[in-house]
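A.B. asks: Please see the structure below; I have some questions.
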Amino acid sequence: MSKTATTKLDVETEASERFGKLNLVHSEEAPRTGDYDTHFYAGQDEVSEDGILRINSEYRAKSTVPDFLPTWDPREKLPPLEFHEYHDPGLRADPSFPNLFPEQLQDQYKTKRITPKLGTEVRGVQLSQLTDAGKDELALLVAQRGIVVFRDQDFSKAGPQGVVDYAKHFGKLHVHQTSGHPENVPELHITYRRPDHKEFERVFEQDISSIFWHTDVSYELQPPSYTFFNVLEGPNGGGDTLFADAFEAFDRLSPTMQEFISGLHVIHSAYEQAENSKGAGGVQRRLPTAHIHPLVRVHPVLKRKALFVNESFSRRIVELKKPESDALLRFLYDIVGRTHDLQLRANWEPNTVAIWDNRRVQHSAVVDWEEPVHRHAFRITPQGERPVEDLKYLNDKNYYGEEVPR
Ligand SMILES: [Fe+2]
């Protein structure tokens, strides 16, 4: 991403009866989005004779999991995402987890809390073997713990289509606007850092940190509920993922501040990420979008409030003047990013699958290794409910308005 580029974010919406006609025109420096590992890069990657964009042949030959390598087809065009009802599988789950952790197998599995309130590591449970009831319990466990790290999984052995079919249980799967996916498996979102110095220049040339806190594609009408993430190849140590608990972040605020921010709403934008992809010579599969979401959302399973703003995609609090919005967003970003006692650091062993709840946590990649190592992972993201400030609006199609026009 060029740090000198200025992005004009002209936002005006008549969509919201709640706010009346908004006039939020402003321009600002292009925000940091940290999506370097998902775009095609012209000159570094290749264009095949069939017009498909691919990682270059030298790096493809080095991959031990070529079926999962990203491709980008400039001809692939998708319509806008449409509202649909979402019923969280966690609501169907038996809270005693009889299918996920059967009593008769208790000597075979081991669970360990990563921190008291956030994160659990599980060994001895094979995700691929779960029944539908077990998958419902998995969703509930992930909601309750924010992130669950499963070790020694055979998950990726099902292949790209197999893992996608597995995850369909959890909701309608999201297809990303710009990222690469294995050919003919659009629901798989690939992150791939090339074993190349350019990969590091992109991150550090204009910046001193690789940390980009975010929740995945929060700009969508219905951002993901759960994210499944499997690192296929990576450095020997490093390349961890940071997580922060947005429930805890909200709970730390004073009652007065909690009440104030609970009535606010925020524009989340996909435009800058789209421009980054375009600037690198990449694709635009679906027209970029922006949506207004509540600043504090209520979790449909746990009924708890979470801060729902993130530095990568949140742009403006619609009820406030711009300097007020900037100051308050900065304050909230810093709570998430700098409050280490509501965070954890998940590390990756071979065959680790992590599943997290995007309504509950924010996360960031960590780039702390050196070439020539490639880091290759896949993500699957079921779309969740449209974020709501009150569960009475859950699955209400008319919950303030449509897309924010550019
Ligand atoms: Fe992410």
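A.B. asks: What is segment 135-266 by shape, rounded, prolate or oblate, if you read a ≥ b ≥ c off the alpha carbon gyration tensor as root eigenvalues and call it rounded for a/c under 1.5, prolate for a/b larger than b/c, and oblate otherwise?
C.D. replies: oblate
A.B. asks: I'd like to know which of Phe200, Gly119, Gln129 lies farthest towards the positive end of the charge dipole of the chain, counting +1 on Cβ of Lys and Arg and -1 on Cβ of Asp and Glu.
C.D. replies: Working it through, the farthest residue towards the positive pole turns out to be Gly119.
A.B. asks: Return the single residue from Asn236, Asn347, Asn310 with maximal mean-square fluctuation; model: Gaussian network over the chain, springs between Cα atoms under 10 Å.
C.D. replies: Asn236
A.B. asks: What's the exposure ranking of Trp72, Trp369, Trp213, Trp356, going from fewest to most Cβ atoms within 10 Å?
C.D. replies: Ranked by crowding around the Cβ, least crowded first: Trp369, Trp213, Trp72, Trp356.
A.B. asks: Would you list Arg75, Arg286 from fewest to most Cβ contacts within 10 Å?
C.D. replies: Exposure proxy ranking, most exposed first: Arg75, Arg286.
A.B. asks: Moving on to the next point. Going by a ≥ b ≥ c, the root eigenvalues of the Cα gyration tensor, does segment 62-218 fall in the rounded group (a/c under 1.5), the prolate group (a/b larger than b/c) or the oblate group?
C.D. replies: Judged from the Cα gyration tensor, segment 62-218 comes out prolate (a/c at least 1.5, a/b above b/c).
A.B. asks: Follow-up question, since we're still on this one. Counting pairs of alpha carbon atoms under 8 Å apart in space and at least six apart in sequence, what relative contact order in percent does the chain give?
C.D. replies: It comes to 27 percent, rounded to a whole number.
A.B. asks: What does the helix-only formula give at 222 nm for the chain: each DSSP H stretch with n ≥ 4 adding -39500 (n - 2.57), the total divided by the residues, and the result rounded to the nearest 500 deg cm²/dmol?
C.D. replies: After summing the helix terms and dividing by residue count, I get -5500 deg cm²/dmol.
A.B. asks: OK, next. Find which of Met257, Ala274, Val388 sits farthest along the positive direction of the dipole of segment 250-394, computed with +1 on the beta-carbon of Lys and Arg, -1 on that of Asp and Glu, about the Cα centre.
C.D. replies: Projecting each Cα onto the dipole axis, the largest value belongs to Val388.
A.B. asks: Mind checking which lysines have their C-alpha under 17 Å from Lys322, skipping anything on the same chain fewer than 8 residues away?
C.D. replies: Within the straight-line limit of under 17 Å, Lys322 reaches these lysines: Lys8, Lys21.
A.B. asks: For Glu201 and Glu103, what does the FRET efficiency come to when R0 = 60 Å and r is the distance between their Cβ atoms, rounded to the nearest 0.05?
C.D. replies: Efficiency computed from Cβ-Cβ geometry: 0.65.
A.B. asks: Also, I was wondering about something else. So how far apart, in nm, are the two label points at Arg338 and Ser96 if each is 7 Å from Cα heading toward Cβ?
C.D. replies: In this crude spin-label approximation the distance works out to 4.8 nm.
A.B. asks: How long is the gain from Lys168 to His84 if the chain were fully straight, where each residue apart is worth 0.36 nm and the alpha carbon distance is subtracted?
C.D. replies: 28.8 nm
A.B. asks: On to the next question. Ranked by Cβ crowding within 10 angstrom, fewest neighbours first, how are His39, His340 ordered?
C.D. replies: Going from least to most buried by this count: His340, His39.
A.B. asks: I've got another one for you. Compute the FRET efficiency between Glu46 and Arg304 as 1/(1 + (r/R0)^6), taking r as their Cβ-Cβ distance and R0 = 51 Å, and round to the nearest 0.05.
C.D. replies: 0.60
A.B. asks: Of Lys303/Lys392; Lys112/Lys305; Lys198/Lys278; Lys157/Lys198, which ones are farther than 21 Å apart at the Cα?
C.D. replies: Table pairs above 21 Å Cα-Cα are Lys112/Lys305; Lys157/Lys198.
A.B. asks: Where in segment 51-154 are there GluC sites (Glu not before Pro) that are in a DSSP coil and have at most 13 other Cβ atoms within 10 angstrom of their Cβ?
C.D. replies: Answer in residue order: Glu82, Glu85.
A.B. asks: Go through Gln44, Gly146, Leu69 and say which Cα lies farthest out towards the positive end of the charge dipole of segment 35-148; charges sit on Cβ, +1 for Lys and Arg, -1 for Asp and Glu.
C.D. replies: Of the listed residues, the answer is Gly146.
A.B. asks: Order of 48-54, 143-149 by packing, highest average Cβ count within 10 Å first?
C.D. replies: In descending order of packing, they fall as 143-149, 48-54.
A.B. asks: Among all helices in the chain defined by DSSP H, which have a length of 18 Å or more along the axis from Cα atoms plus a Kyte-Doolittle mean of at least -1.0?
C.D. replies: For the chain, where a helix must reach 18 Å along its axis and average at least -1.0, the hits are 132-145, 322-338.
A.B. asks: Relative to the Cα centre, what is the charge dipole magnitude of the chain, using +1 at the beta carbon of each Lys and Arg, -1 at the beta carbon of each Asp and Glu, and rounding to the nearest 20 debye?
C.D. replies: Charge dipole, the chain, about its Cα centre: 600 debye, nearest 20.
A.B. asks: In debye, nearest 20, what is the charge dipole magnitude of segment 229-310 about its Cα centre with +1 on Lys and Arg Cβ and -1 on Asp and Glu Cβ, if you could check?
C.D. replies: 360
A.B. asks: Between rounded, prolate and oblate, where does segment 251-406 land on the alpha carbon gyration tensor, with a ≥ b ≥ c its root eigenvalues, rounded for a/c under 1.5, else prolate if a/b exceeds b/c?
C.D. replies: Prolate.
Read-outs throughout are calculated quantities, based only on the coordinates presented, and are distinct from any laboratory measurement. Please read these numbers as outputs of a predicted model, since none were measured by experiment. With ideal geometry, Cβ positions are generated from the backbone for all residues, glycine too; neighbour counts draw on all protein chains shown.
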